[in-house]
Amino acid sequence: MISKEDLKKMGEISEAGSKSASSALSVMTGQDIAIEISDPEIVQIEQLQKNSKNGLVVSVLLKIEGELNGEMLLVLPESSAMKLVDILLRKKSQKTVKLDKLSESALREVGNILVGNYLSALSNALKMELLESVPDLVLDTRESIMNSLVVEISQHGYETIVFKMEFEVQKEEVKGEMFMFFNPQSIEKILEKIKK
Amino acid sequence: MSSQIYEVGMSEYKIAENPVILVSSGVGSCLIIALYDRTRKIGAMAHAMLPQAADLQAAKETPARFVEQIIPILIEEMEDVGCKKENIIAKLAGGANMFATLGIYSREIGVKNIQKAHEMLEHLNIEIDAENTGGNNGRHVEFNLANGVLSIISKI
């Protein structure tokens, strides 16, 4: 059983990671980023797909590897993803109307940098070696993306802890979400470290 | 006659009679199993997540999570409302492999879901009338019990 106190402590560590990720995004875009970090929550995995609007999103998925295992998912509504590409590639506003190879690779890099910064903050706090996989980019409905992620998570159990950050590049109307999941053995390892 | 629409979420199943449309949106690597009795216009649809349950308790608690566990239940419940097994046909949709990264790690759960459904339906002597499975895209699925048509919409 995971106590409220344990969840809170893990939330604090994750929050440091989220803040580090958002400041990296701020550097990349040259803009202020507003963030909202949700308290970690234990949910039945099916809940992750609920309340998903059926619009198209760009998602970047990375596996967490090394001493901890899990998944990190970046979700950007399609319009936000295109605006973000405009900013990153220094294009005029609304120039990107379809994702080509270059914009996809720019968005994968965003995933890489956000996750890399999140993980290095965790790595420092927990004194663990953490790695990330090559980013995987998929454009589809948010529902079907969450559906596939839930199936992956289900292999480790039917409940999971959701760590979540929402962010907004304020002047540019770019909105996105970042989800972090750790498998149960990794949660145990994190708790052991915290308790020491 | 306008049909009522019932949502079938992940790990859920529903049995209904015309005029009803059973809907599952956002089907990724999950598998939609749709069974239909043309003579009675009764259909059943399940939105299963994994090929089989790891233990009995999981199977009992949420059978619709698992392809292996839910198929016999769908048939049984259709029989309970008067369908004859020989009139039941099956349609399958889903089982995509959206993320290449996950494909490697989870050894393509989508594919395993499809294989398990084939195995079970063959074992139970239910004909697979139509199938739209695999690939890399998510699917929105609608099952119209007026005619047994399973419509699939991919947004990509």
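No lab work stands behind these numbers, since they all come straight from the coordinates. Quick caveat: nothing in here was measured; it's all calculated off a predicted structure. Using ideal geometry, Cβ is built from the backbone for each residue, glycine included, and neighbour counts are taken over all protein chains shown.
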Simple spin-label estimate for B:V149/A:S105, 7 Å along Cα→Cβ, in nm, reads 4.4 nm
Taking chain B, the equivalent ellipsoid from its C-alpha gyration tensor has semi-axes in Å, biggest first, of 24, 18, 13
Here the Cα Rg-to-2.2 N^0.38 Å ratio for the protein assembly as shown is 1.06
Helix A:101-126: inclination vs chain A longest Cα principal axis, degrees, rounded to 10, gives 30 degrees
Rounded to one decimal in Å, the inverse mean reciprocal Cα-Cα distance for chain A, i.e. its Kirkwood radius, is 17.0 Å
Each label sits 7 Å from Cα toward the beta-carbon; between A:E166 and B:H123 the label points are separated, in nm, by 4.5 nm
Taking only the alpha carbons of segment B:50-139, the radius of gyration and the largest Cα-Cα distance, Dmax, both in angstrom, are 14.2, 45
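With a Förster radius of 25 Å, plug the Cβ-Cβ distance of A:K4 and A:E36 into 1/(1 + (r/R0)^6) and report the FRET value to the nearest 0.05.
0.75
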Using eta = 0.692 mPa s and T = 37 °C, Stokes-Einstein with Kirkwood Rh from Cα pairs puts D for segment B:1-62, in µm² s⁻¹, at 257 µm²/s
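Quick check on chain B: helices-only [θ] at 222 nm, where DSSP H runs of length 4 and up contribute -39,500 (n - 2.57) each and the sum goes over total residues. Nearest 500, please.
The helix contribution divided over chain B gives -8000 deg cm²/dmol.
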Between the Cα axis of helix A:184-195 and the main Cα principal axis of chain A, the angle (0 to 90°, nearest 10) is 70 degrees
To the nearest 0.05, the calculated FRET efficiency linking A:V97 and A:L131 through their beta-carbon distance, R0 being 51 Å, is 0.90
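By how many nm would the segment from A:R90 to A:E159 grow when fully extended, if each residue of separation counts as 0.36 nm and the alpha-carbon distance is taken off?
That pair, A:R90 and A:E159, stretches by 20.6 nm at full extension.
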Each residue of B:24-37 has, on average, a number of other protein chain C-beta atoms within 10 Å of its C-beta equal to 4
